[in-house]
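Dropping a structure here in structure tokens format, bear with me for questions.
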Amino acid sequence: MKLLVYILLALSLLSCSRDGAGESVRSMYYWSTVFDMDSVKQRFIADHGVRRIYLRYFDVVADDGGRSVPNATLRFRTAVPAGVEIVPTVYIVNDCMAADTAGLARLLLGRVMQMSETNGVTGVREIQIDCDWTMRTRSRYFAFLRTLAAMAGAKGISVSATIRLHQLSQEAPPVSRGVLMMYNTGDFTDLDCDKPILDMRDAAPYMRHIDDYRLPLSAAYPIYSWRILFRGGRYVGIMHRDDMLPVMPGDSIAVREPTVDDIMQAAGAVSRRRRDANREVILFDMSNQNITRFNPDDYEKIFNSHDI
């Protein structure tokens, strides 16, 4: 009889986890080369109850000799905010997984730990890896993740990974959980693609795979915009604030940005398939330009996607 009670309790807890019951978490990605928690960002965190920041520490790229090396390392201009969990996040260029990855997990973990200690980032419980792996690199990438998870686990740290929409149909990586990236759904180099950041018409074919995806999931939604330079209808590049792309007579600059309705439509699609994925809503990413694009009520609607 006691065994039956325990089984029923376990099934109940699993059901609660799956349908998204429980307190939701509000999170942000911080994707820059300088960490500067100014008053605008502090106010956003306070007003919206942000509890977790996925902080990009550095990229891993292949050098001229094919070796994996760190690049674009984050500089800390200010301290991390009190009461907010920091998840160190590392972006790995997929080409690195086509080369020898021996020792990469050890070097990456050591660099993350050293940066955290140097910059007063305490209580790290999770490291996230972002890589647009493919079938060609899957085996080596998964082996790297297993090694990293074992090394990090020995320090009481779990490993998570980003999951792109096209990866939903593939085997889940060997990590503790995933973050589903509900953005970059279209071809931004195509002038006729007016919603390359988020268009559920492009995302819909992948969504059927989310039901049975064998990882706990959180969901990340875009609040950023792009200014894209086209010349003669051909893609030239994405224009950044400090960009030096020359604008010639006859060029066109296309502004691409998701609306609140686009984001809510995506959140609704996720909730219908995997309600638990909206238990943690993550916004990409935390720049002053992005967090002031919409009004506070709109951000509250997005963060409350768990209730859709």
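The values are calculated or read from the model by the stated rules, or taken from the named source; none is laboratory data. Note that the coordinates shown come from a computational prediction; the quantities given were computed from them, not determined experimentally. Virtual Cβ from ideal backbone geometry, glycine too; neighbours counted across all protein chains shown. The area values use the complete protein model at the heavy-atom level, side chains included, leaving out ligands, DNA and RNA. Shrake-Rupley method; radii C 1.70, N 1.55, O 1.52, S 1.80 Å.
Would you mind telling me the antiparallel percentage of the DSSP bridges in the chain, rounded to 5?
Expressed as a percentage, antiparallel bridges in the chain total about 25.
Turning to a different aspect of this structure: Given H placed 1.01 Å from N in the peptide plane, which residues other than close sequence neighbours of residue 225 have an amide H under 5 Å from its amide H?
The list, which skips near neighbours in sequence, is empty: none.
Test of understanding: express the Cα radius of gyration of the range 136-290 as a ratio to 2.2 N^0.38 Å, with N the residue count.
Dividing the Cα radius of gyration by 2.2 N^0.38 Å gives 1.21.
In the range 36-148, what percentage of the DSSP-assigned beta bridges are antiparallel, given to the nearest 5?
Working: 4 of 15 bridges.
Given both bridge residues lie in the range 36-148, the antiparallel proportion sits at roughly 25 percent.
For every helix of n ≥ 4 consecutive DSSP H residues, a contribution of -39,500 (n - 2.57) applies; sum these over the chain, divide by its total residues, and give [θ] at 222 nm rounded to the nearest 500 deg cm²/dmol.
-9500 deg cm²/dmol
Short version: ³J(HN,Hα) in whole Hz for each residue of the range 239-251, in order, from phi by Karplus 6.51 cos²θ - 1.76 cosθ + 1.60 (θ = phi - 60°), x for Gly and Pro, what are they?
Each residue of the range 239-251 in turn: 8, 9, 4, 9, 6, 10, 4, x, 9, 9, x, x, 5 Hz.
Further question: Using a basic spin-label model with each label point 7 Å from the Cα along Cα→Cβ, how many nm lie between residue 38 and residue 150?
The two pseudo-label positions are separated by 4.6 nm.
So, one more: Given a Förster distance of 41 Å, report the FRET efficiency between residue 214 and residue 76 from their Cβ-Cβ distance, rounded to the nearest 0.05.
Working: r = 36 Å, r/R0 = 0.89.
Result of the calculation: an efficiency of 0.65.
State the percentage of accessible surface on the chain attributable to carbon and sulfur atoms; use a 1.4 Å probe and exclude ligands, DNA and RNA.
The value for the chain is 51 percent carbon and sulfur by accessible area.
What does the accessible area per residue of the range 211-305 come to in Å², with a 1.4 Å probe and no ligands, DNA or RNA counted? Show your work: numbers first, answer last.
Details: 4630 Å² over 95 residues.
Per residue, the range 211-305 has 49 Å² of solvent-accessible surface.
Top to bottom by accessible area (1.4 Å), largest first, where do 193, 96 land? Before the final figure, lay out each step's value.
Numbers: 193 25, 96 0 Å².
Order by accessible area, largest first: 193, 96.
Here's another thing I want to ask about it. Among the complete DSSP H segments of the chain, which ones combine at least 30 Å of alpha-carbon extent along their axis with a mean Kyte-Doolittle hydropathy of 0.0 or more? Numbers along the way, then the final one.
On the way: long enough: none.
Span-like helices here: none at all.
Could you provide, to the nearest whole Å², the per residue accessible area of the range 112-179 with probe 1.4 Å? Display every interim value, and only then the final one.
Details: 2900 Å² over 68 residues.
Per residue, the range 112-179 has 43 Å² of solvent-accessible surface.
Applying a 10 Å radius around every beta-carbon, put 62-72, 126-136 in order of their mean neighbour count, most first.
Numbers: 62-72: 13.0, 126-136: 18.9.
Peptide ranking by packing, descending: 126-136, 62-72.
Quick one: if you stick a label point 7 Å off each Cα along the C-beta vector at residue 242 and residue 166, how many nm between them?
With each label point 7 Å from Cα toward Cβ, the separation is 3.0 nm.
Residue 253 to residue 298: FRET efficiency via 1/(1 + (r/R0)^6), r the Cβ-Cβ distance, R0 22 Å, to the nearest 0.05?
Numbers: r = 25 Å, r/R0 = 1.14.
Efficiency, from the Cβ-Cβ distance: 0.30.
A further question follows. Can you put 151, 97 in order of accessible area, largest first, using a 1.4 Å probe?
Accessible-area ranking of 151, 97, largest first: 151, 97.
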